[in-house]
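Asks: Take a look at the following structure, please.
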Amino acid sequence: MSNHDSPVDPTKMGVGKAIAVLTSGGDAQGMNAAVRATVRVGIYTGAKVYFVHEGYQGLVDGGDNIRQATWESVSMMLQLGGTVIGSARCQDFRSKEGRAKAACNLVKLGITNLCVIGGDGSLTGANEFRNEWSDNHYQSEAKHSSHLNIVGMVGSIDNDFCGTDMTIGTDSALHRIMEVVDAITTTVQSHQRAFILEVMGRHCGYLALVTALACGADWVFIPEMPPDEGWEDHLCRRLTYQRSIGNRLNVIIVAEGALDHHGKPITCDIIKNLVTKKLSFDTRATILGHVQRGGTPSAFDRILGSRMGVEAVMALLEATPDTPACVVSLSGNMAVRLPLMECVQVTKEVTKAMAEGRFEEAVKLRGKSFENNWNTYKLLAHVTAPDVKSNINIAIMNVGAPCAGMNAAVRSAIRIGILQGHSMLAVHDGFDGLAHGAIEPMTWGYVGGWTGKGGSNLGTKRSLPARMIEEISLNIAKFNIHALVIIGGFEAFVGGLELVTAREKYEELCIPLVVIPATVSNNIPGSDFSIGADTALNTITTTCDRIKQSAAGTKRRVFIIETMGGYYSNNNMCGYLATMAGLAAGADAAYIYEEQFGIHDLETNVEHLLEKMKTTVKRGLILRNEKCNANYTTDFIFNLYSEEGKGVFDCRKNVLGHMQQGGTPTPFDRNFGTKMGAKAVLWLTEKLKECYRHGRIFANTPDSACVLVMKKRATIFQPLSDLKEDTDSEHRIPKTQWWLKLRPILKILAKYKISLDTSETATMEHVIKKRGTV
């Protein structure tokens with residue numbers, strides 16, 4: 001942590017210093033975002049920044065491979081997959097002589113800070129390089145080069161590096177995989193086929209596991225957890241059962257490194273032959289291969305790369321000779337710094353545990369996120385409902401505007417409920433349906449295939465319960481509802497609160513209830529993320545990419561794009577989408593309600609664009625939340641920019657509207673929805689046991705009505721009544737919003753000389769100790 005006695009001017013932090021950035025090992029989507037942020041933040045701090053082309057090979061060969069970067073040289077990189085500066089496997093760097101050459105090349109240019117973006121092999125190499133740096137022959141050229149600072153960012157589509165929640169490229173690889181799964185599903189369903197998909201992951205099953213969760217696969221094979229003896233019969237039984245309950249397709253996901261208990265590979269062909277011979281199912285196999293590395297980075301990977309780039313520069317400039325080489329990463333939504341060699345050590349321990357057959361331990365060593373995914377998969381994969389029923393009825397409803405991922409949450413909630421022995425009821429059309437009795441029992445098969453469907457299959461409305469509380473309480477009694485799951489946006493939160501308030505008057509409402517945040521606006525108090533926001537963000541980002549392409553072709557053009565603050569937009573002010581899309585698309589400004597702006601700010605923005613048009617980057621992108629200011633409307637801003645830019649640039653405007661609510665859910669929203677639905681019902685099961693008194697359910701304590709929130713690094717159940725304090729009801733936003741801290745990054749990456757608060761940089765955390773506590 002930077003403990004500065006006097007505040008440091010961030011724009012002077014790097015003066016006199018030089019940073020080199022390289023990408024190494026296998027390419028991953030989002031590496032370019034990391035390179036771009038490293039370059040721009042480096043320049044912002046006053047440092048010189050150099051590209052090292054072709055990875056470590058370029059470092060060893062020197063010469064033209066190490067070139068100074070400029071602000072413009074990283075323009076238009078954000079939306080490109082792969083790595084623009086090239087990557088190569090390098091034998092020379094493995095030898096001491098090769099590393100000595102590399103050191104010599106850096107010293108000549110006065111570079112003592114190195115930012116490496118790559119997998120664990122690349123980062124281990126960097127650490128070795130740093131340890132040898134102080135050998136005398138490295139320093140003959142320069143006295144002030146006595147030590148080398150190294151910071152790593154993990155770029156690997158496999159998500160195989162321990163200590164980090166997500167590595168750069170993983171989310172984008174999941175996007176590619178799910179696009180293929182969705183496409184194949186339609187053809188397989190037409191013919192009643194079984195389909196086997198092999199995805200990347202030689203030593204790590206993350207991609208296979210999340211794919212299986214996100215598409216509701218019948219079976220997944222991963223290296224960390226070989227199937228039990230006799231898996232062949234078990235698999236055939238499960239596939240047969242699925243057909244018997246009316247499913248037209250079977251999906252099996254295989255990681256390329258999948259093994260059985262004897263260490264023998266389990267391949268697509270082995271499974272295909274088994275299913276074809278034993279069951280005579282028409283079976284198709286697809287090996288995805290390098291498609292997974294390709295394509296444009298997802299919004300998440302762009303934001304991840306950009307945030308890590310900022311953190312990497314800060315970590316380098318704050319490093320001392322005693323600071324261990326670190327990797328920067330995200331844990332939950334927080335930037336963290338982790339000692340590089342501790343992460344490498346744990347990553348190696350996983351491989352060792354797998355080799356020695358300690359599979360349960362391997363799953364634990366992979367980290368909390370992997371373990372949660374595995375546990376949710378196991379829960380949902382076993383389709384035999386218990387013989388003994390619980391005599392509990394749980395109702396599920398959607399409230400507010402539709403969003404992608406709602407159906408995934410409904411599906412997992414219903415299936416987990418059935419597995420717990422409960423009867424699950426669907427309420428159609430929100431609180432209206434609860435008041436009018438639009439309630440029906442749900443079966444296991446009814447929600448098959450729901451994870452990949454956008455919108456709300458149950459139907460959803462914005463009506464609140466207060467005005468029909470009498471009818472609602474009568475129907476809760478009539479249908480004998482013992483607990484309620486409400487999946488939705490701000491209305492779901494407010495509606496939940498209204499039900500809790502009405503408990504005093506209506507005893508029927510004294511039942512446990514849980515609200516699962518699902519809204520594109522991401523404006524539920526207490527929760528950092530909502531189901532649906534990731535899909536909306538990707539939709540906006542893709543549109544911005546196309547618009548930028550158009551502007552780049554026309555030159556001297558500025559686009560003003562209006563994003564949603566939410567469906568009920570009379571007064572929904574949340575600036576999350578505008579800010580995050582601004583980061584992901586490389587916008588010049590994003591106007592939001594939470595950060596008030598006036599005529600001086602608008603003037604500054606226009607002047608900034610006039611300056612920009614003098615450079616080689618002759619285009620602009622401005623985002624505006626639809627309700628950020630009643631007077632400075634999109635039309636006003638468009639007119640202002642058009643007038644002030646006369647003769648220098650022209651303007652166009654786009655209002656994105658309801659397209660932001662539609663679309664197929666992203667892998668994140670499918671997976672998030674699935675886990676949230678499952679958690680909610682498991683929690684209700686426990687709550688119902690606590691509230692069972694004298695032969696009936698009675699729940700009237702604050703902790704029996706909760707929101708399932710995602711907070712920093714964990715999901716927690718927070719009483720609705722506790723969250724009232726953190727709610728700005730008039731503007732329908734939480735009073736504290738974590739993403740506001742990312743606004744300065746957006747501005748710095750757009751070349752504004754603003755002050756960055758360096759007092760709150762990430763502390764170095766220990767992975768080994770941290771792991772022991774989870």
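Asks: Give, rounded to the nearest 20 debye, the magnitude of the charge dipole that the chain has about its Cα centre when Lys and Arg contribute +1 at Cβ and Asp and Glu contribute -1 at Cβ.
Replies: Once rounded to the nearest 20, the dipole reads 940 debye.
Asks: Want the number for residue 444 to residue 15: 0.36 nm per residue separation, take away the alpha-carbon distance, what's left?
Replies: Values: separation 429, 0.36 × 429 = 154.44 nm, distance 6.29 nm.
Roughly 148.1 nm would be gained on extension.
Asks: Using only DSSP helix segments of four residues or longer, with each worth -39500 (n - 2.57), what per-residue ellipticity at 222 nm results for the chain after dividing by its residue count and rounding to 500?
Replies: Estimated from H runs of four or more residues: -12500 deg cm²/dmol.
Asks: In whole percent, what relative contact order does the range 538-661 give with Cα contacts below 8 Å and a gap of six or more residues?
Replies: With pairs under 8 Å counted, the relative contact order is 39 percent.
Asks: Taking the Cα centre of the range 291-408 as the origin and placing charges on Cβ (Lys, Arg +1; Asp, Glu -1), which of 346, 299, 359 is farthest toward the positive end of the dipole?
Replies: 299
Asks: Got a sec? Charge dipole of the chain, +1 on Cβ for Lys and Arg, -1 for Asp and Glu; which of 463, 157, 723 is way out at the positive end?
Replies: The residue sitting farthest along the positive end of the dipole is 157.
Asks: Here is a follow-up. Using +1 at the Cβ of each Lys and Arg and -1 at the Cβ of each Asp and Glu in the chain, identify which of 509, 749, 435 lies farthest towards the dipole's positive end.
Replies: About the Cα centre, the residue reaching furthest to the positive side is 749.
Asks: Also, I was wondering about something else. In percent, how large is the relative contact order of the range 382-432, given Cα pairs closer than 8 Å and 6 or more residues apart?
Replies: Normalised by residue count, the contact order of the range 382-432 is 56 percent.
Asks: Going by Cα centres, the range 355-399 and the range 168-218 are how many Å apart?
Replies: Each part's Cα centre sits 19 Å from the other's.
Asks: Around residue 735, with a cut-off of 9 angstrom between Cβ atoms, what is the net charge of the other residues, counting Lys and Arg +1 and Asp and Glu -1?
Replies: -3
Asks: While we're looking at this one, here's another question. What is the magnitude of the charge dipole of the range 352-488 about its Cα centre, with +1 placed on the Cβ of each Lys and Arg, -1 on the Cβ of each Asp and Glu, and no other charges, expressed in debye to the nearest 20?
Replies: With only Lys, Arg, Asp and Glu charged at Cβ, the dipole is about 380 debye.
Asks: With a 1.4 Å probe and all protein chains left in place, how much of the accessible area of the range 538-661 comes from carbon and sulfur atoms, in whole percent?
Replies: 48 percent
Asks: Sticking with this structure for a sec: Just one of (i) 49; (ii) 54; (iii) 65 is percent of Cα pairs over 35 Å apart as worked out from the coordinates here. Which one is it?
Replies: (i)
Asks: Give the shape of the range 170-292 as rounded, prolate or oblate, defined through the alpha-carbon gyration tensor: a ≥ b ≥ c are the square roots of its eigenvalues, a/c under 1.5 means rounded, and otherwise the shape is prolate if a/b is larger than b/c and oblate if not.
Replies: Because a/c hits 1.5 or more and a/b fails to exceed b/c, the range 170-292 counts as oblate.
Asks: Continuing with the same structure: Might you report the magnitude of the Cβ-based charge dipole of the range 170-292 about its Cα centre, with Lys and Arg at +1 and Asp and Glu at -1, to the nearest 20 debye?
Replies: Computed charge dipole of the range 170-292: roughly 420 debye.
Asks: Ok, one more. What lysines does residue 348 reach when the alpha-carbon gap must be under 28 Å and sequence neighbours fewer than 8 apart in one chain are set aside?
Replies: Within the straight-line limit of under 28 Å, residue 348 reaches these lysines: 96, 264, 364, 368, 378, 712, 769, 770.
Asks: Across the range 538-661, how many lysine pairs separated by 8 or more positions, or lying on different chains, have Cα atoms within less than 18 Å?
Replies: Number of lysine pairs found: 14.
Asks: Then there's this: Taking the Cβ of residue 274 as the center, what net charge do the other residues with Cβ under 13 Å away carry, scoring Lys and Arg +1 and Asp and Glu -1?
Replies: +1
Asks: Rounded if a/c is under 1.5, else prolate if a/b beats b/c, else oblate: with a ≥ b ≥ c from the C-alpha gyration tensor eigenvalues square-rooted, which is the range 538-661?
Replies: oblate
Asks: Going by amide H atoms built from the backbone, whose H comes under 5 Å of the H on residue 283, apart from near neighbours?
Replies: For residue 283, the qualifying residues are 194.
Asks: Measuring with a 1.4 Å probe in the full set of protein chains, what accessible area per residue, in whole Å², belongs to the range 538-661?
Replies: Result: 40 Å² of accessible area for each residue.
Asks: Now for a separate question. When the Cα centres of the range 653-706 and the range 517-550 are compared, how far apart do they sit, in Å?
Replies: 19 Å
Asks: Relative contact order for the chain: what is it in percent, counting Cα pairs under 8 Å that are at least 6 residues apart? List each step's numbers first, then the result.
Replies: Numbers: 1753 pairs, mean separation 107.7, N = 774.
For the chain, the relative contact order is 14 percent.
Asks: Add +1 for every Lys or Arg and -1 for every Asp or Glu among the other residues with Cβ under 13 Å from the Cβ of residue 513, and state the total. Let's see the in-between values first.
Replies: On the way: positive: 503, 687; negative: 498, 508, 703.
Its environment carries a net charge of -1.
Asks: Give the aspartates and glutamates reachable from residue 679 as a straight Cα distance under 16 Å; neighbours fewer than 8 places away on the same chain don't count.
Replies: Hits, sequence-local ones excluded: 371, 669, 703.
Asks: Give me the distance between the Cα centres of the range 405-463 and the range 287-306, rounded to whole Å.
Replies: Distance between centres, Cα-based: 32 Å.
Asks: Given a Förster distance of 35 Å, report the FRET efficiency between residue 508 and residue 724 from their Cβ-Cβ distance, rounded to the nearest 0.05.
Replies: The calculated FRET efficiency here is 0.95.
The values are calculated or read from the model by the stated rules, or taken from the named source; none is laboratory data. Since the model is a prediction, treat every value here as computed from it, not as a measurement. Every residue, glycine among them, receives a Cβ derived from its backbone with ideal geometry; neighbour counts consider all protein chains shown. These area figures cover heavy atoms from the full protein model, side chains too; ligands, DNA and RNA do not enter into them. Shrake-Rupley method; radii C 1.70, N 1.55, O 1.52, S 1.80 Å.
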